[in-house]
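Trainee: Before I ask anything, here is the structure I am working with.
No value in this document is a laboratory result; all are computed from the given coordinates. In this text the structure is predicted, and so the values were computed from the model without any measurement. Cβ coordinates were reconstructed from backbone atoms using ideal geometry, including for glycine residues, and neighbour counts include every protein chain displayed.
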Amino acid sequence: MNLLEVKNLNTSFHIGVGTVQAVRGISFHVEQGESLGIVGESGSGKSVSMLSVMGLLPNYADIVADSIRFDGRELTKLSGKALRAMHGSEIGMIFQDPMTSLNPLFTVESQLTEPLRIHRHMDKRQARQRALELLRQVDIPNPEARLKQYPHELSGGLRQRVMIAIAIACGPKMIIADEPTTALDVTIQAQILELLQHLKQETQTSIIMITHDLGVIASMCSRILVMYGGTICEQGNARDIFYDPRHPYTWGLLNSIPKVQDAPAGKLIPIKGTPPDMLKPPAGCPFSPRCRYCMPVCRAYMPPTTELSDVHRVACHLMHPHAPKITREV
């Protein structure tokens, strides 16, 4: 059963020099209890697409979609007040960089009890008790003392755990985790990912993991979307993406990962060039200026999506029967 279903989502930002086409016609779904990964370079549209679903973009953003359905409800037809009522109660979000996402002027207790009092109508005592339970649930030691502290008094790992506690406070059906391990050391990263996995298994909450780290995706997600230039260039289950990728951009991402067997002499293989200017995106495939297999048709026309299986889909002209037969270089 699909908990979230998005069809033909387009998001643009109207700024002084023109219109930034951040998300261009993406469609995807998230099943109940599923972990979906969204991976791609910075500026590929990962975060903007999820903020569009949440309705958390500024006034100069233009969000258009054929449909955004969550748990059977059409979000595009809800009022701003109705959407805000869903934030925290049914959809939780772990934002990038908890140091800037948490309010430095309020204690952990104030920020953790606020959604409980708004969405669950708890009194002060009940909310505080639930806050203590949440801090224990995310493995924060000495929760009574932590409630009284401010964000700057906590380490990066503890701040991230507080963000997770706020996201799960009201028992949401889906959590959007936007780069939840950025700027954390490897040990703390592993602890945060293990915590999210445990929460998913314990509560059957769906998780959307946004990241540029393929290692995080591999350990957390059963299905993966690869985004580039505001579009989905490839999607499939973890085995499809890691062992049978078909899009040159996916090949480039995988080839840029350090390989243990290549150390110390092995070199990283970068993707040459830079991401497209979304003020004036390419007329054809957004990856065509950087693709070593680019054909004239790639520059002129957006590629259709080819279905290789029930879950594996690729948007690339190389999938055409008359295109050159190219295999991934490892």
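Trainee: Nearest 10 degrees is fine. How inclined is helix 108-119 to the longest principal axis of the chain, computing both from alpha carbons?
Mentor: Value to nearest ten degrees: 80.
Trainee: Moving to a separate point now. Provide the packing ranking of 67-77, 318-328, i.e. peptides ordered by the mean count of other C-beta atoms within 10 Å per residue, highest first.
Mentor: Working: 67-77: 15.3, 318-328: 11.0.
Packing proxy ranking, top to bottom: 67-77, 318-328.
Trainee: Where nothing but the Cβ of Lys and Arg (+1) and of Asp and Glu (-1) is charged, how large is the charge dipole of the stretch 143-210 around its Cα centre, in debye to the nearest 20? Don't skip to the answer; put the middle values down first.
Mentor: Numbers: 6 positive and 7 negative charges, 38 e Å.
The dipole magnitude comes to about 180 debye.
Trainee: Before anything else, pin down the relative contact order of the stretch 82-156: Cα pairs under 8 Å, at least 6 apart, normalised by residue count, whole percent. Present the calculation step by step, with values, prior to reporting the outcome.
Mentor: Working: 52 pairs, mean separation 29.3, N = 75.
In percent, rounded to a whole number, it is 39.
Trainee: Further question on the same structure: Helix 124-137 against the longest principal axis of the chain: what's the angle in degrees, Cα atoms only, rounded to the nearest 10?
Mentor: Long axis of 124-137 versus the principal axis of the chain: about 50 degrees.
Trainee: Under 8 Å for C-alpha pairs, at least 6 residues apart: give me the relative contact order for the stretch 175-330, rounded to a whole percent. Provide the component values of the computation, followed by the final result.
Mentor: Working: 180 pairs, mean separation 27.0, N = 156.
That works out to 17 percent.
Trainee: In a shell of Cβ-Cβ distance under 13 Å around Gly273, excluding Gly273 itself, what net charge do Lys and Arg (+1) and Asp and Glu (-1) give?
Mentor: Details: positive: Lys272, Arg290, Arg292; negative: Glu41, Asp277.
Combined, the nearby Lys, Arg, Asp and Glu give +1.
Trainee: Grab the DSSP H runs of the chain that are 4 residues or longer, score each as -39,500 (n - 2.57), total them, divide by all residues and round the 222 nm result to the nearest 500 deg cm²/dmol.
Mentor: On the way: 12 runs with 108 residues, N = 330.
After summing the helix terms and dividing by residue count, I get -9000 deg cm²/dmol.
Trainee: Hey, quick one: spin label on Met1, modelled 7 Å out along Cα-Cβ, who in the stretch 55-77 has an amide N within reach, i.e. under 20 Å?
Mentor: 68-75
Trainee: Dipole size in debye (nearest 20) for the stretch 34-185 around its Cα centre, Lys and Arg Cβ +1, Asp and Glu Cβ -1?
Mentor: Numbers: 18 positive and 18 negative charges, 147 e Å.
The calculated dipole for the stretch 34-185 is roughly 700 debye.
Trainee: Pop a pseudo-label 7 angstrom from the Cα along the beta-carbon direction at both His322 and Arg125 and give the gap in nm to one decimal.
Mentor: Roughly 7.8 nm, to one decimal.
Trainee: Enumerate the amide H contacts of Val23 below 5 Å, restricted to partners 5 or more residues apart or on another chain; note that Pro and chain-start residues carry no placed amide H.
Mentor: Thr11
Trainee: From the Cα gyration tensor of the stretch 176-234, with a ≥ b ≥ c the square roots of its eigenvalues, which class applies: rounded if a/c is under 1.5, or else prolate if a/b is larger than b/c, or else oblate? Spell out each step's value before the answer.
Mentor: Values: a/c = 2.30, a/b = 1.34, b/c = 1.71.
In terms of gyration-tensor shape, oblate.
Trainee: Separation between the Arg136 and Lys81 pseudo-spin-labels, each 7 Å from Cα along Cα→Cβ, expressed in nm?
Mentor: 3.8 nm
Trainee: Between rounded, prolate and oblate, where does the stretch 55-159 land on the alpha carbon gyration tensor, with a ≥ b ≥ c its root eigenvalues, rounded for a/c under 1.5, else prolate if a/b exceeds b/c? If you can, show how the numbers build up before the last one.
Mentor: Values: a/c = 2.52, a/b = 1.76, b/c = 1.44.
Prolate.
Trainee: Could you calculate the FRET efficiency of Thr305 with Ile15 from 1/(1 + (r/R0)^6), where r is the beta carbon distance between them and R0 is 22 Å, rounded to 0.05?
Mentor: 0.15
Trainee: Quick check: residue separation of Asp277 and Asp244 times 0.36 nm, minus the Cα distance between them. What number comes out in nm? Intermediate values should be presented prior to the final figure.
Mentor: Values: separation 33, 0.36 × 33 = 11.88 nm, distance 2.94 nm.
Net length gain for the segment: 8.9 nm.
Trainee: What is the distance in Å between the Cα centres of the stretch 177-227 and the stretch 141-162?
Mentor: Cα centres, the stretch 177-227 to the stretch 141-162: 21 Å.
Trainee: Under a cut-off of 25 Å between alpha-carbon atoms, report the lysines in cross-link reach of Lys124, not counting same-chain residues fewer than 8 places apart.
Mentor: Lys81, Lys148, Lys173
Trainee: Hey, another quick one. Computed from the coordinates I sent, Rg and Dmax of the Cα atoms in Å equals one of (i) 21.6, 79; (ii) 20.9, 69; (iii) 20.7, 65. Tell me the label.
Mentor: Looking at Rg and Dmax of the Cα atoms in Å for this model, the match is (ii).
Trainee: Any chance you could run the full-extension gain for Asp66 through Met99? It's 0.36 nm times the residue separation minus the Cα-Cα distance, nm to one decimal.
Mentor: On the way: separation 33, 0.36 × 33 = 11.88 nm, distance 3.57 nm.
That pair, Asp66 and Met99, stretches by 8.3 nm at full extension.
Trainee: Once you place label points 7 Å from the Cα toward the Cβ at Gln191 and Ile257, how far apart are they in nm?
Mentor: Going from the Gln191 label point to the Ile257 one covers 2.5 nm.
Trainee: Something else about it: Once Lys and Arg get +1 and Asp and Glu get -1 on their Cβ, which of Gln204, Ile232, Val186 lies farthest toward the positive end of the dipole of the chain?
Mentor: Ile232
Trainee: Let me check against my output: what whole-number percent is the relative contact order of the chain, with C-alpha pairs under 8 Å and at least 6 apart?
Mentor: Working: 577 pairs, mean separation 65.2, N = 330.
It rounds to 20 percent for the chain.
Trainee: Kindly list the residues of the stretch 99-138 that lie in the label zone of Ser155, defined by a backbone N under 17 Å from the point 7 Å along the Cα-to-C-beta vector.
Mentor: Within reach of a label on Ser155: 99, 136, 138.
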